[in-house]
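Below: one structure, written as structure tokens.
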Ligand code: IMP
């Protein structure tokens, strides 16, 4: 193949410039502040309210794309009082206009996906859905393996949602994983399944002293059926998104989980098994990151997490119970009560830097109303040393004591504040926002003061 000379590079830049100068904006383009590629990521432990923020922008987008994770994620969106809980299908599905896309970096449990499609059909929604042919498939033995792994890992287990996430990503890396395209090619499926089944069988047997609950033949038959049902949705989504980009369409990437659950940048091993940060949109969808305009880090006004591992700002039981009940902090996927605590800006500082966040969407400020003084963690005290960044060392993380700054709280917020705008919010709330901006060097451009689409203020 011909190597790329400088001439090609200049040509590409001129095409790019002409294209961006003269192409007609896609519908809603201006509402996204002129951005054609927007990424929404979690700046904490997941459960920051990404579903609501994605939904808020989805109406202005032509494509809404998931790029990693699987049905371990749970996104709650409330529209006109109706609650929608989504796990795999992007939150944009609640609008007619955007196409929903599941990228190759996502891992798919076909039964869960078909259930979610049925759930949406029952609510009168017919998704326009495209699924990457290269996305890996969660098999029944992956879920069983998750259980075996959790028992084996003991205190080092992350508290998995047991959806088969770690085992399916491991099989992908072992290179005997099964991809969506394989479900439509029975001979290939049989060949690959045999290898993967045998491998997982030995593992489950050796580590968990169990046998795989379903036999290979019935899994094969079941997954051939899934292939038939899902075939109309399966395609090369990288190509489709490339052409959408060329045609000036607005694309919204919806991250799942959050920075501290990222397999590389999170608090390993108490993480999930994919990269949740914005940098993964390229590998997780086959779309270049060259043209990303906006990276919005969704940040809850306090923290919560399900699962195990160090959590320096965790609140003691009673105070935690109040916040948990007020904020309805129960896992969307597993229903487990979430651990809750004060806002940790050491975590958000890392999220701003690693994601290249252009702004913060600050959610659930209403939950902190009438709470009295508020503590915000600005650094950790580790063995007498002040630490402003997330340590890689698990030993140091376990020793981390939060260093708090106390800010005065605010009273009840009213619905008309969303109409009146940011300046109508209590001064102490605005000071809380300003404190965050100063500490992490990133503007807060979106404020959410309630679960409804309408309870959002854009600054
Ligand atoms: P897994 O991804 O199911 O293996 O779970 C690994 C860790 O990530 C556990 O601590 C889970 O509770 C957590 N986790 C996974 N997905 C989410 C999510 O969408 N929100 C919050 N926590 C999650």
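The values are calculated or read from the model by the stated rules, or taken from the named source; none is laboratory data. Source: prediction; values computed, not measured. Positions of Cβ are backbone-derived with ideal geometry, glycine not excepted, and every protein chain shown enters the neighbour counts.
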* **Selection within segment 233-258 - over 19 Å from residue 91 (Cβ atoms), modelled with pLDDT of 95 or more and in contact with a strand residue (DSSP E or B) (Cβ under 9 Å, 6 or more places away or on another chain)** => 234, 235, 236, 238, 240
* To do: Among the numbered conditions (1) more than 16 Å from the ligand (Cβ to nearest atom); (2) in contact with a strand residue (DSSP E or B) (Cβ under 6 Å, 6 or more places away or on another chain); (3) assigned to a helix (DSSP H, G or I), tell me where residue 351 comes up short.
  => (1)
* Asked: Of the numbered conditions (1) buried (at least 24 other Cβ atoms within 10 Å of the Cβ); (2) near the ligand (Cβ under 10 Å from one of its atoms); (3) assigned to a loop (DSSP other than H, G, I, E, B), residue 287 satisfies every one except a single condition; which is it?
  -> (2)
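Quick check: anything in segment 309-325 within 19 Å of the chain's Cα centre (by Cα) and within 16 Å of the ligand (Cβ to nearest atom)?
Going residue by residue through segment 309-325, those that are within 19 Å of the chain's Cα centre (by Cα) are none.
No: segment 309-325 contains no residue that is within 19 Å of the chain's Cα centre (by Cα) and within 16 Å of the ligand (Cβ to nearest atom).
Given the residues 178, 165, which is the only one that is touching a residue at least 40 places away in the same chain (Cβ under 8 Å), crowded, with 20+ Cβ neighbours inside 10 Å and within 16 Å of the ligand (Cβ to nearest atom)? Step through it out loud before you land on a result.
Numbers: 178 fails: within 16 Å of the ligand (Cβ to nearest atom).
So the residue among 178, 165 that is touching a residue at least 40 places away in the same chain (Cβ under 8 Å), crowded, with 20+ Cβ neighbours inside 10 Å and within 16 Å of the ligand (Cβ to nearest atom) is 165.
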* Matching residues, segment 326-348, being in a strand (DSSP E or B), under 21 Å from residue 296 (Cα atoms) and either modelled with pLDDT under 95 or more than 16 Å from the ligand (Cβ to nearest atom) (or both) -> 343
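For residues that are within 13 Å of the ligand (Cβ to nearest atom), within 16 Å of the chain's Cα centre (by Cα) and part of a helix (DSSP H, G or I), tally how many sit in segment 85-122.
Within segment 85-122, residues that are within 13 Å of the ligand (Cβ to nearest atom), within 16 Å of the chain's Cα centre (by Cα) and part of a helix (DSSP H, G or I) number 1.
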* To do: Among residues belonging to segment 381-408 that are touching a helix residue (DSSP H, G or I) at 6+ places or on another chain (Cβ under 6 Å) and in contact (Cβ under 8 Å) with a residue 24 or more places away in the chain, point out the one that is farthest from residue 440 (Cα to Cα).
  => 408
* Six or more apart or on different chains, Cβ under 8 Å: which pairs go from a residue in segment 279-294 that's without any contact (Cβ under 8 Å) to a residue 24 or more places away in the chain to one that's surrounded by 21 or more Cβ atoms within 10 Å (Cβ to Cβ)? Could you list them? => 289/278; 289/281
* State which residue is farthest from the ligand (Cβ to nearest atom) when the search covers only segment 59-68 and only residues that are touching a helix residue (DSSP H, G or I) at 6+ places or on another chain (Cβ under 7 Å) and under 22 Å from residue 283 (Cα atoms). => 62
* To do: Within segment 185-192, identify whether any single residue is more than 21 Å from the chain's Cα centre (by Cα), within 14 Å of the ligand (Cβ to nearest atom) and over 19 Å from residue 93 (Cα atoms), and answer yes or no.
  => no
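Select from segment 147-162 the residues that are closer than 10 Å to residue 273 by Cβ and either in a helix (DSSP H, G or I) or more than 14 Å from the ligand (Cβ to nearest atom) (or both) and list them in ascending order.
Applying the first criterion (closer than 10 Å to residue 273 by Cβ) to segment 147-162 yields 158, 160.
Result: no residue meets the conditions.
Given the criterion assigned to a strand (DSSP E or B), more than 16 Å from the ligand (Cβ to nearest atom) and closer than 21 Å to residue 353 by Cβ, identify the matching residue among 281, 296.
Working: 281 fails: assigned to a strand (DSSP E or B).
296 is the lone residue from the list that is assigned to a strand (DSSP E or B), more than 16 Å from the ligand (Cβ to nearest atom) and closer than 21 Å to residue 353 by Cβ.
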* **Residue that is nearest to residue 161 (Cα to Cα), among those in segment 38-84 that are modelled with pLDDT under 95 and part of a strand (DSSP E or B)** => 75
* **Meets criteria (closer than 16 Å to residue 355 by Cβ and within 16 Å of the ligand (Cβ to nearest atom)) for residue 252** => no
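For segment 299-308, name all the residues that are on the phi < 0 side of the Ramachandran plot and either in contact with a helix residue (DSSP H, G or I) (Cβ under 9 Å, 6 or more places away or on another chain) or away from the ligand (no atom under 16 Å from the Cβ) (or both).
Step one: filter segment 299-308 for residues on the phi < 0 side of the Ramachandran plot, giving 299-306, 308.
Answer for segment 299-308, where residues must be on the phi < 0 side of the Ramachandran plot and either in contact with a helix residue (DSSP H, G or I) (Cβ under 9 Å, 6 or more places away or on another chain) or away from the ligand (no atom under 16 Å from the Cβ) (or both): 299, 300, 301, 302, 303, 304, 305, 308.
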